[in-house]
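The values are calculated or read from the model by the stated rules, or taken from the named source; none is laboratory data. Here the structure is a predicted model, which means the values were calculated and not measured. Every residue, glycine as well, gets a Cβ built from its backbone with ideal geometry; the counts of neighbours run over all protein chains shown. For the accessible areas, the whole protein counts, side chains as well, though only heavy atoms, and no ligand, DNA or RNA atoms are used. Shrake-Rupley method; radii C 1.70, N 1.55, O 1.52, S 1.80 Å.
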Amino acid sequence: MNINATLLGQTIMFAMFVWFCMKFVWPPIMAALEARKKQIADGLAAAERGKLDMELAAKRAADILREAKDKAAEIISHGDKRASEIIEEAKAKAEVEASNILERANSEIEQEVFRAKEQLRTQVSAIALAGAGKILSREIDAKAHNDLLEKLVAEI
Amino acid sequence: MTSEALTSTEYIRHHLQNLTCGMQEGHIHCAHDAAEAKAMGFWAINVDTLGMSLLLGLCFLFLFRSVAKKAATGVPAGAQNFVEWAIEFIDNSVRGSFTGRSALVAPLALTIFFWIFLMNLMDLIPVDYVPQLAGAMGLGHFKVVPSTDPNATIGMAIGVFFLVIFYSIKIKGLGGFIGELTLQPFGKFGLPANIFLEVVNLIAKPVSLALRLFGNMYAGEMIFILIALLPFYLQWTLSLPWAIFHILIVTLQAFIFMTLTIVYLDMAHQEHH
């Protein structure tokens with residue numbers, strides 16, 4: 001337990017160990033720790049950002065979905081309206097067509113009636129002429145009295 | 001006991017004797033007993049103390065350097081976990097006690113803590129193992145715990161003392177440092193009293209560092225040696241509790257040395273008014 005040169009040796013060794021530790025041990029480990037701390041902080045920030053982005057995207061998706069639904073409803077109602085319009089149009093057209101057909105038929109019938117009357121009249125006048133001819137026999141020359149007869153027919 | 005021929009006094013004395021070697025008459029000679037070691041004077045070396053210190057210091061530096069070399073920012077594993085935990089622990093201690101900024105203090109604290117911790121830990125090796133082994137290798141004495149040698153603790157305390165003086169002068173200037181020694185606490189008219197008080201204050205720092213560590217470890221070692229005097233079938237009843245308690249002392253003394261060093265260096269960095 002004497003004090004001797006061991007003391008100096010120990011001091012020198014101590015200084016060398018501290019120097020080595022200060023030069024080659026502490027800085028790299030501290031740097032790694034700092035770098036990891038930064039990495040973790042960055043990672044957390046990125047995760048936070050990602051979460052925010054996801055929320056935004058979900059909101060946007062919901063918006064788009066709602067818009068699409070609105071549009072679809074609009075299109076459907078538009079279609080319904082158009083369909084009823086078409087039906088109305090068709091109905092109106094059909095009515096017009098029907099009245100046209102009816103009119104045409106009526107006019108045809110009228111013409112037919114007129115023609116029949118005409119025919120009847122000519123036939124009646126012919127019969128009357130024939131009857132009168134028979135009655136008058138030779139007295140009446142068909143050629144001589146033709147204009148008279150025609151006047152008669154027109155009167156009938 | 002190592003041998004039936006030894007008395008208790010001789011046994012204890014043998015265990016407390018360093019392996020002191022020095023130059024005598026032109027060749028290297030190792031002392032056989034305390035008187036011979038004393039006769040060698042100052043220029044002798046306790047080979048066991050320096051050897052164990054060097055070995056343990058290299059163990060510490062090797063472990064930490066191997067981690068530092070491949071320190072990655074990825075997921076730490078194995079030794080890296082431990083080393084990072086240790087570094088953070090030291091860093092927190094330094095941040096808690098040291099208010100200035102210095103690239104030296106934290107590595108210094110790390111070295112002090114682990115080096116002294118490892119030196120103290122040697123105390124837990126059963127007291128007879130290493131001396132027996134050394135005896136088998138032809139070495140008369142071998143004290144395995146460097147911190148039970150006052151040379152080692154005083155050596156480290158002197159290192160800290162130099163740093164305290166260096167930083168005092170660096171931060172406050174030579175004039176500031178001398179002023180601190182001479183002009184307080186009583187002002188310039190109490191100069192002799194000031195010098196006396198402040199020098200005692202300054203010297204007390206390394207002395208208390210060195211003697212606290214040495215005293216604790218020496219006493220612990222002494223008790224292990226005394227326990228080893230018991231019959232071998234009774235030794236465990238005392239040595240086991242003492243060893244368990246000693247784990248606390250081993251760590252605590254390393255921690256105290258480190259913390260006081262940080263505090264002293266912090267004081268050296270602060271201006272007194």
(request) Evaluate the distance, in nm, between pseudo-label points positioned 7 Å from the Cα of B:ALA79 and of B:GLU10 along their respective Cα→Cβ axes. (result) 4.5
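With a Förster radius of 22 Å, plug the Cβ-Cβ distance of B:ILE203 and A:LYS23 into 1/(1 + (r/R0)^6) and report the FRET value to the nearest 0.05. Walk me through the numbers on the way to the answer.
Numbers: r = 31 Å, r/R0 = 1.39.
It comes to 0.10.
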(message) Only helices at least 18 Å long along their own axis, judged from Cα atoms, and with Kyte-Doolittle mean hydropathy of -0.5 or greater: name those in chain B from DSSP H.
(response) B:47-69, B:79-97, B:105-121, B:150-182, B:191-227, B:232-269
(message) Using 20 Å as the Cα-Cα cut-off, could you pick out the over-long pairs in A:LYS37/B:LYS70; B:LYS143/B:LYS205; B:LYS38/B:LYS205; A:LYS23/B:LYS69?
(response) B:LYS143/B:LYS205; B:LYS38/B:LYS205
(request) Treating the Cα atoms of the protein assembly as shown as identical point scatterers in vacuum, please give the log10 of the normalised Debye intensity I(q)/I(0) at q = 0.06, 0.07, 0.08, 0.09 Å⁻¹, two decimals. (result) -0.49, -0.59, -0.67, -0.78
(message) Suppose only helical runs count, i.e. DSSP H with n ≥ 4. What mean residue ellipticity at 222 nm does that imply for chain A under -39500 (n - 2.57) per run, divided by all residues and rounded to the nearest 500 deg cm²/dmol?
(response) -32500 deg cm²/dmol
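Using helices alone, I'd like the mean residue ellipticity at 222 nm for chain B: each DSSP H run of four-plus residues gives -39500 (n - 2.57), total over residue count, nearest 500.
Rounded to the nearest 500, the figure is -24000 deg cm²/dmol.
With every protein chain kept in place and ligands, DNA and RNA left out, what is the accessible area per residue of the range B:49-269? Probe 1.4 Å, answer in Å². Show your work: numbers first, answer last.
Details: 10200 Å² over 221 residues.
That works out to 46 Å² per residue.
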(request) Please give the average number of partner chain Cβ atoms lying within 10 Å of the Cβ of each residue in B:101-112, rounded to a whole number. (result) 5
(message) Which order do you get for B:TYR129, B:TYR218, B:TYR11 if you rank them by accessible area with a 1.4 Å probe, largest at the top?
(response) B:TYR129, B:TYR218, B:TYR11
(message) Per-residue Cβ counts within 10 Å, from other chains only, averaged over B:146-155: what number is that?
(response) 5
(message) Output the 0 to 90 degree angle, nearest 10, between the alpha-carbon long axis of helix A:26-136 and the longest principal axis computed from the alpha carbons of chain A.
(response) 0
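Using per-residue counts of other Cβ atoms within 10 Å, averaged over each peptide, order B:174-187, A:79-92 from highest down.
With the highest mean Cβ count within 10 Å placed first, the list reads B:174-187, A:79-92.
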(message) Let me confirm one metric for peptide B:83-90, namely the mean number of other chain beta-carbon atoms within 10 Å of its residues' beta-carbons.
(response) 2
(message) Given the options A:MET13, A:THR122, A:ASN106, identify the residue whose Cα lies farthest towards the positive end of the charge dipole of the range A:7-156 (+1 on Cβ of Lys, Arg; -1 on Cβ of Asp, Glu).
(response) A:MET13
(message) Given Cβ point charges of +1 (Lys, Arg) and -1 (Asp, Glu) and nothing else, what value in debye, to the nearest 20, does the dipole of chain B about its Cα centre take?
(response) 820
(message) Using only Cα atoms and rounding to the nearest 10 degrees, what angle (0 to 90) does helix A:146-155 make with the longest principal axis of chain A?
(response) 50
(message) Nearest 10 degrees is fine. How inclined is helix A:6-20 to the longest principal axis of chain A, computing both from alpha carbons?
(response) 20
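Quick check: residue separation of A:ALA130 and A:VAL96 times 0.36 nm, minus the Cα distance between them. What number comes out in nm? Don't skip to the answer; put the middle values down first.
Numbers: separation 34, 0.36 × 34 = 12.24 nm, distance 4.94 nm.
Here the segment from A:ALA130 to A:VAL96 would lengthen by 7.3 nm.
So if we plug the beta-carbon distance of B:PHE189 and A:ALA57 into 1/(1 + (r/R0)^6) with R0 = 60 Å, what FRET efficiency do we get, rounded to 0.05? List each step's numbers first, then the result.
Working: r = 80 Å, r/R0 = 1.33.
It comes out at approximately 0.15.
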(request) Could you state how much accessible area B:HIS27 has, in square angstrom rounded to the nearest 10, with a 1.4 Å probe and all protein chains kept in place? (result) 100
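Could the peptides B:223-230, A:99-106 be put in order, highest first, of the mean number of other beta-carbon atoms found within 10 Å of their residues?
Details: B:223-230: 17.2, A:99-106: 10.0.
The densest-packed peptide leads the list: B:223-230, A:99-106.
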(message) Can you give me the long-range amide H partners of B:ILE45? Hydrogens built in the peptide plane at 1.01 Å from N, cutoff under 5 Å, separation of 5 or more residues or another chain.
(response) B:CYS21, B:GLY22
(message) With no other cysteine's Cβ closer than 4.7 Å, which Cys residues of chain B count as lacking a disulfide-compatible partner?
(response) B:CYS59
(message) So, R0 is 25 Å and r is the distance between the beta-carbons of B:ILE178 and B:MET23; what FRET efficiency does that work out to, to 0.05?
(response) 0.05
